[in-house]
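The values are calculated or read from the model by the stated rules, or taken from the named source; none is laboratory data. As the structure is a prediction and not an experimental result, all values here were calculated from the model. Cβ placement follows ideal geometry from the backbone for every residue including glycine, while neighbour counts extend to all protein chains displayed. Side chains included, ligands, DNA and RNA excluded: accessible areas come from the protein's heavy atoms. Shrake-Rupley method; radii C 1.70, N 1.55, O 1.52, S 1.80 Å.
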Amino acid sequence: MRGVFFVKIIVPAILVIVLFAISLSVVFIPMVEEGFMDRKKEMIRELTNSALSIIDEYHKETYRGNLTEEQAKEMAINRIKFIRYGDDGLDYFWITNMIPEMIMHPYRTDLNGRNISDYTDPHGTMLFTEAVKKVKDSGDGYIDYWWQWKDDSTRIVPKLSYVKGFEPWNWIVGTGIYLEDVKEEIKVIRGRIVRITILFVLLIAIIIFYITRQSLIIERRRIDAEEKLKQSRLKYKMLVEASTESAMMWLEGRLIYFNQPILSQTGYTGDELLNKRMDELFTLQNESIEDITQTLDESRNVEATLIAAGGKEIGVVLTISNVEINNKRGFIFIIKEVTRQLIRHKSEQMLEEELRTSLLLMNSPVKLFLRQPEYIDMDLTIREAADMMIRKQTELLFVTRNRTEIVGLLDHNAFITEVISGKKDHDTIIFSVMKSPVIYVNENILLFEALLLLDKENEDYLAVKNDQSKTTGFISKKDLLAAQQNAPFLLVKKIERAELVSQLQSLYDKLPGILTLLISTDSHSRNIAQISAAFSDAISKRVVELAIEKTGPPPVKFAFISLGSEGREEQTLKTDQDNAIIYHGKYSQEVNEYFLQLSGKITSWLNDIGYEYCIGEVMASNPRWCQPLSKWKEYFKEWVENSDPESILDISIFFDLRFVYGDKSLVDELKNEIIKIIDSEAVFFAHLAKSVSRLKGVTYSEKHKTIDLKKAMLPVVGFARVYALKNNVNETNTVSRLNSIIDRENINKSFIEEIVKAYEYLMFLRFRLQTAMILSNENPDNSLRIDELTNIEKATLKAALAEIAEIYTQLSFDFEGRTM
């Protein structure tokens, strides 16, 4: 036994240690060193970009008429001249022009104003001429040379600098790192890795020794226990009663032994439990407990539901083992309760292999699945269309008027059905059987979005346009489903077919695993948010339908709407409920009581599934937010006409309302009314802007241990809401709102683009943080620990927060005419 154990356990463990040591020295350490140098290069590149952003701000002041160009240049030089960074605060920036002439060097002031085109380092490198060449060729680049050590002119060391041009002034800005510093840091890192490796090997050796000893002890005990179990029925009883897990023993279909944990778990008395049959205690989803016991060879683990006292259902993992006493067949059941976290973890493991490939496809644009279009004139006949389909080997034709304007689609199933049914003959013109109007999508939408749209519109085909609104082809539902066999789209379909809240809860538990896989494949944060929103909407819709089944049909038309982050399709895994109900007609007690009863079930079930109750009670179950359409119109009229910066912040989430289920016309009517109300109240926008300006911005500092990501994103949400409402933009999603106002507002396009990038980066960090916390069995929150970020992530976070801070200036210029 020991020899087998040594071969199976000890030898592989030793081989793993040896392979680990080899891979560490040959692969990992060089990779870490290379990655460290890359991060250093990225750092100086981002620092240079930060310096350029300062220069660009002064340049913009010349366009605003606040400064002359000479004043702006002088102020920019003085600003950059005194910027220092690094551990000792001696690292700096320098500026030349394209001649090159030194504009500013904080330590080599003797070079300032001089032509340095022939300046070389001790090894003959014409570094400044090389910098000009890099900028002319590609706009930026890295240069290697020798230079004095910071402010010590007597010490010349190798240096790597990053340079980038500032085209409006023909400047070049650069900064660098001393390679000796980098080598020293790499040496420290290498030493740490080696020490950690030694500790790791020692730890593994200790663990192997302990495992060997314990395993031998356990193995001896198991063998002894098996021998004793064969001796008598009494020994089996002792085994069952001694188990720390809930345990039962059955003999010829009758329960004979059980232990105290099973009584505590079920709430039954001993006599009650002895009188229960297997099928009265356990239910399985796809088979019966009797089928399992009849075909069981050795042992098996199955998921089951344990029916406890009072009809309470408990999810368990049931381990069933065969026993034999006096030639009578029996079974020992070990029952382990399955917690929500264990289900979630298991779901993640099961989904990982299943979804990894399909998630990559899901994030692909539909243009990858595009089919080339064939065109036919609408005045031709079905016979001619059939001939063309056979000749062109296609199943779909674009129907045109005068060979230019697309007026409909004709698929082979449509006219085959018409002809076979006798409704149409072969000489019928195409116009009478085509599908119209044509539904178009952009070629860059995701496969996942296209599938949802096809399903929603009950269509088999969608026409596709490019960014220039030119028709480029079509996509078919059959093609997309074939490529997306296991994608989240199918999970959404499972949600739509769920019959129990517990089934919806189980499907919701798969979401963290899916989002984790998306994050691990560097999916765009917008894609992640769209999938999360699609899950949320599907669950909300199904919950409403199940609640209607329990409550009865609604007395009048109604709409279930989402608000806040749900309304903006930006909910993360730390999002409580924000919803409401709008119903048709005037208020009546009978109708209102129905919808309050309905909404009570909806919000309660959503809470059970995982969407927590709103702390502020902004939910449909609150009578205030379950009202007829006329009352909602009164709400918005009062909010707009009597607005002030303090109160408007509390109700701003209502301006993010989005239709989820029911009669969409009620929501459309309310949105049209809101547009009419706010169009006549200019002061409303000033108050809304001021409420955003009063939000305390989040700044980056190494002194802060954590950053509240939700708080950091709020100014962007408010900023997008102000300008979207001002321009009658119907979008509720923050990024969509920002993209929609680019051409409608006199705001720098690059500024909006940078805000979008900053917002999406924070959203990505937020998803990554919360999925990791949930999968570690922690309650998700929005507090990001700075020390857990890489240097590049810290620099990016710092830049993102700095960009968001510019929002306040833009709001001030547009709504107050002064800087805040």
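So, in segment 530-544, of the ones that are among the polar types (S, T, N, Q) and farther than 13 Å from residue 562 by Cα, which residue ends up surrounded by the fewest Cβ atoms within 10 Å (Cβ to Cβ)?
Of the residues in segment 530-544, the ones among the polar types (S, T, N, Q) are 530, 532, 536, 540.
The next check asks that each one be farther than 13 Å from residue 562 by Cα; those that pass are 530, 532.
On the way: 530: 20, 532: 23.
The qualifying residue surrounded by the fewest Cβ atoms within 10 Å (Cβ to Cβ) is 530.
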Which pairs turn up if I take residues in segment 666-693 that are in contact (Cβ under 8 Å) with a residue 40 or more places away in the chain and look for partners that are open to solvent by 60 Å² or more (accessible area, probe 1.4 Å) and not in a helix (DSSP H, G or I) with beta carbon separation below 6 Å, at least 6 apart in sequence or on another chain? 675/728; 693/820
Residues in segment 714-745 that are in contact with a Phe, Trp or Tyr (Cβ under 7 Å, 6 or more places away or on another chain) and of a type in the set (S, T, N, Q) total 1
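To keep it simple, each residue is scored yes or no on (1) outside the structural domain of residue 16 (by the TED database); (2) not in a helix (DSSP H, G or I).
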site	(1), (2)
134	no, no
141	no, yes
154	no, yes
161	no, yes
177	no, yes
197	yes, no
203	yes, no
218	yes, no
221	yes, no
The number of residues in segment 65-75 that are at positive phi and in a helix (DSSP H, G or I) is 0
Hey, can you tell me all the residues within segment 733-752 that are open to solvent by 10 Å² or more (accessible area, probe 1.4 Å) and not in a helix (DSSP H, G or I)? 742, 743, 744, 745, 746, 747, 748
Inspect all residues belonging to segment 442-451 and state whether any of them is under 30 Å from residue 536 (Cβ atoms), at pLDDT 85 or above and in a strand (DSSP E or B). yes
Hey, among the residues in segment 558-594 that are modelled with pLDDT under 90 and of a type in the set (Lys, Arg), which one's least open to solvent (accessible area, probe 1.4 Å)? 574
Of those in segment 278-314 that are touching a strand residue (DSSP E or B) at 6+ places or on another chain (Cβ under 8 Å), modelled with pLDDT of 80 or more and not hydrophobic (A, V, I, L, M, F, W, C), the residue most open to solvent (accessible area, probe 1.4 Å) is 313
Need pairs with beta-carbon distance below 6 Å; first residue in the same structural domain as residue 400 (by the TED database) and within segment 467-482, second of a type outside the set (A, V, I, L, M, F, W, C) and assigned to a strand (DSSP E or B); sequence gap 6+ or separate chains. 471/465; 473/371; 474/371; 474/461; 476/461
Pull up segment 126-161, narrow it to residues that are closer than 16 Å to residue 94 by Cβ and among the small types (Gly, Ala, Ser), then point me to the one that is surrounded by the most Cβ atoms within 10 Å (Cβ to Cβ). 131
For segment 61-107 the number of residues that are open to solvent by 80 Å² or more (accessible area, probe 1.4 Å) and not acidic (Asp, Glu) is 9
Restricting attention to segment 179-202, which residues are within 17 Å of residue 12 (Cβ to Cβ) and open to solvent by 70 Å² or more (accessible area, probe 1.4 Å)? 200
Matching entry among 638, 669, 634 (being in contact with a Leu (Cβ under 9 Å, 6 or more places away or on another chain), acidic (Asp, Glu) and over 22 Å from residue 548 (Cα atoms)): 669
Qualifying position, being charged (D, E, K, R) and touching a Pro at 6+ places or on another chain (Cβ under 8 Å), among 601, 586: 586
Looking only at segment 48-64, decide whether some residue is part of a loop (DSSP other than H, G, I, E, B) and not aromatic (Phe, Trp, Tyr). yes
